[in-house]
There are 2 protein chains.
Amino acid sequence: MTDEKDNDRHKTRMQEQKAKVDERIAAAQEDKGLLLVLTGNGKGKSTSGFGTIARAVGHGLKASVVQYVKGGWECGERNLLEKNGVEFHVMGTGFTWETQDKDLDKLAAQAAWEHSKKLLQDPSIDVVLLDEITYMVTYKYIDLDEVLAALTARPKDQHVVITGRACHRSIIEMADTVSEVRPVKHAFDNGIKAQKGIDW
Amino acid sequence: MTDEKDNDRHKTRMQEQKAKVDERIAAAQEDKGLLLVLTGNGKGKSTSGFGTIARAVGHGLKASVVQYVKGGWECGERNLLEKNGVEFHVMGTGFTWETQDKDLDKLAAQAAWEHSKKLLQDPSIDVVLLDEITYMVTYKYIDLDEVLAALTARPKDQHVVITGRACHRSIIEMADTVSEVRPVKHAFDNGIKAQKGIDW
């Protein structure tokens with residue numbers, strides 16, 4: 001096949017693809033606040049959540065973050081985003097195997113949830129990241145029905161991002177976009193330490 | 001079961017879990033520049049890549065981004081990260097179905113790759129994001145062996161993040177951490193427009 005014929009075929013294929021893409025774009029005209037879920041056992045869920053916050057802030061939107069598990073130590077994303085106007089609320093007790101105290105964990109989770117509910121009622125906040133909230137639902141530290149009710153009643157244009165493993169199916173059903181991050185491999189399993197700027 | 005007994009059982013379980021976690025942390029002592037891959041068909045790959053860049057910048061690390069597909073239009077993450085010292089190189093031709101010109105696409109891809117190679121030789125750059133480079137390898141616009149060689153020869157402490165669907169298995173084999181982002185559902189498929197601050 002000559003290069004010219006190859007180019008022509010490529011052009012025809014791409015024209016067909018463009019027609020399909022344009023048709024899909026034309027069909028997607030609804031504007032609304034989205035509920036995004038990043039779940040699964042792979043690395044990249046919180047990071048993607050923070051990437052979304054970076055994107056939102058870059059457009060001048062107002063964003064707020066509640067960190068339900070991590071965030072008790074210095075985090076690169078928090079440094080940058082706080083400096084750029086994002087308000088953080090950090091539960092700060094850390095992992096359940098660090099505290100080893102169920103009552104304390106539950107109280108801290110409920111305080112973080114009370115703050116989250118306020119954010120979910122505030123129309124001035126464009127994007128809310130509830131980082132690793134799924135674990136709090138799984139442990140029953142916060143009530144699933146309350147979470148569903150608060151998400152349903154939130155301002156119409158507010159986007160919410162939820163991250164964490166094993167997201168409850170009722171939240172997945174309610175969500176607009178759901179990605180499952182599957183681990184193919186992880187450096188940590190091969191003896192490599194968590195790296196500053198990459199893992200925290 | 002009384003609350004007290006429940007708490008004691010929780011504490012014992014958490015102590016066991018902490019011992020396991022501590023053992024894994026003790027075993028993971030190697031420091032090195034990581035190769036991270038985010039692949040799969042779900043939403044959140046590039047977003048996670050940009051989240052990693054936000055994290056790195058927040059720690060005062062120097063980061064550079066090459067965008068192989070998107071980036072031709074205004075992006076929230078670019079606004080924020082450029083303002084905070086991240087250098088962007090944008091291929092800027094957009095999707096192949098927009099240009100409909102294979103030769104032009106290939107030239108643009110190779111120019112972006114030449115720039116990427118320079119970054120991969122520069123020890124002053126701590127983190128390089130090669131956003132959506134996988135497509136360029138799939139289309140054979142850039143040479144896989146060159147990519148593998150450049151990744152292998154890069155400075156020992158440099159982290160690289162690669163995003164895009166259908167990442168070549170040779171890159172996956174070389175990578176330290178690989179996540180596959182699987183689409184569970186996507187708002188766009190239900191007639192919802194790409195939302196500013198969330199999708200771009």
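The values are calculated or read from the model by the stated rules, or taken from the named source; none is laboratory data. In this text the structure is predicted, and so the values were computed from the model without any measurement. Backbone-built Cβ (ideal geometry, glycine too); neighbour counts: all protein chains shown.
Among the residues of region B:153-170, how many are touching a helix residue (DSSP H, G or I) at 6+ places or on another chain (Cβ under 7 Å) and not in a loop (DSSP other than H, G, I, E, B)?
The total comes to 5.
For every residue, the table says whether it meets (1) without any contact (Cβ under 8 Å) to a residue 24 or more places away in the chain; (2) within 22 Å of A:V161 (Cβ to Cβ); (3) within 7 Å of another protein chain (Cβ to nearest Cβ).
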{"position": "B:Q158", "(1), (2), (3)": "no, no, no"}
{"position": "B:V161", "(1), (2), (3)": "no, yes, no"}
{"position": "B:G164", "(1), (2), (3)": "no, yes, no"}
{"position": "B:S170", "(1), (2), (3)": "no, no, no"}
{"position": "B:M174", "(1), (2), (3)": "no, no, no"}
{"position": "B:T177", "(1), (2), (3)": "no, yes, yes"}
{"position": "B:R182", "(1), (2), (3)": "no, yes, yes"}
{"position": "B:G191", "(1), (2), (3)": "yes, yes, yes"}
{"position": "B:A194", "(1), (2), (3)": "yes, yes, no"}
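Identify all residues within region B:78-131 that are closer than 20 Å to B:V37 by Cβ and of a type in the set (D, E); write none if there are none.
Once the filter is applied, which keeps residues that are closer than 20 Å to B:V37 by Cβ and of a type in the set (D, E), region B:78-131 yields B:D126, B:D131.
Give the residues of region B:88-119 that are among the charged types (D, E, K, R) and modelled with pLDDT under 95, sorted by residue number.
Scanning region B:88-119 gives B:E98, B:D101, B:K102, B:D103, B:D105, B:K106.
If you scan region A:140-189, which residues turn out to be hydroxyl-bearing (S, T, Y) and under 12 Å from the mean Cα position of the chain (by Cα)?
Selection gives A:T163, A:T177, A:S179.
Among A:K70, A:K11, which is the only one that is assigned by the TED database to the domain that holds A:M91 and either closer than 30 Å to A:P183 by Cα or more than 12 Å from the chain's Cα centre (by Cα) (or both)? Before you say what the answer is, go through the steps one by one.
Numbers: A:K11 fails: assigned by the TED database to the domain that holds A:M91.
Result: A:K70 is the single residue among A:K70, A:K11 that is assigned by the TED database to the domain that holds A:M91 and either closer than 30 Å to A:P183 by Cα or more than 12 Å from the chain's Cα centre (by Cα) (or both).
For the list (1) in the same structural domain as A:K45 (by the TED database); (2) part of a loop (DSSP other than H, G, I, E, B), I need the number of the one condition that A:S116 fails.
(2)
In the set A:T134, A:T93, A:T99, A:T138, which member is polar (S, T, N, Q), in the same structural domain as A:L35 (by the TED database) and surrounded by 22 or more Cβ atoms within 10 Å (Cβ to Cβ)?
That would be A:T134, the only listed residue that is polar (S, T, N, Q), in the same structural domain as A:L35 (by the TED database) and surrounded by 22 or more Cβ atoms within 10 Å (Cβ to Cβ).
Please state which of the following conditions A:S179 fails to meet, knowing it meets all the rest: (1) more than 18 Å from A:T52 (Cβ to Cβ); (2) among the small types (G, A, S); (3) surrounded by 22 or more Cβ atoms within 10 Å (Cβ to Cβ).
(1)
When you go through A:E87, A:E23 one by one, which is the residue that is without any contact (Cβ under 8 Å) to a residue 60 or more places away in the chain and either in contact with a helix residue (DSSP H, G or I) (Cβ under 8 Å, 6 or more places away or on another chain) or within 25 Å of B:N84 (Cβ to Cβ) (or both)?
Only one candidate passes the filter, namely A:E87.
Identify, please: which residue in region A:93-139 is over 26 Å from B:T47 (Cα atoms) and among the aromatic types (F, W, Y) and is, among those, farthest from the chain's Cα centre (by Cα)?
A:W97
Among what's in region A:9-61 and is assigned to a loop (DSSP other than H, G, I, E, B) and among the basic types (K, R), pick the residue that is nearest to A:A153 (Cα to Cα).
A:K32
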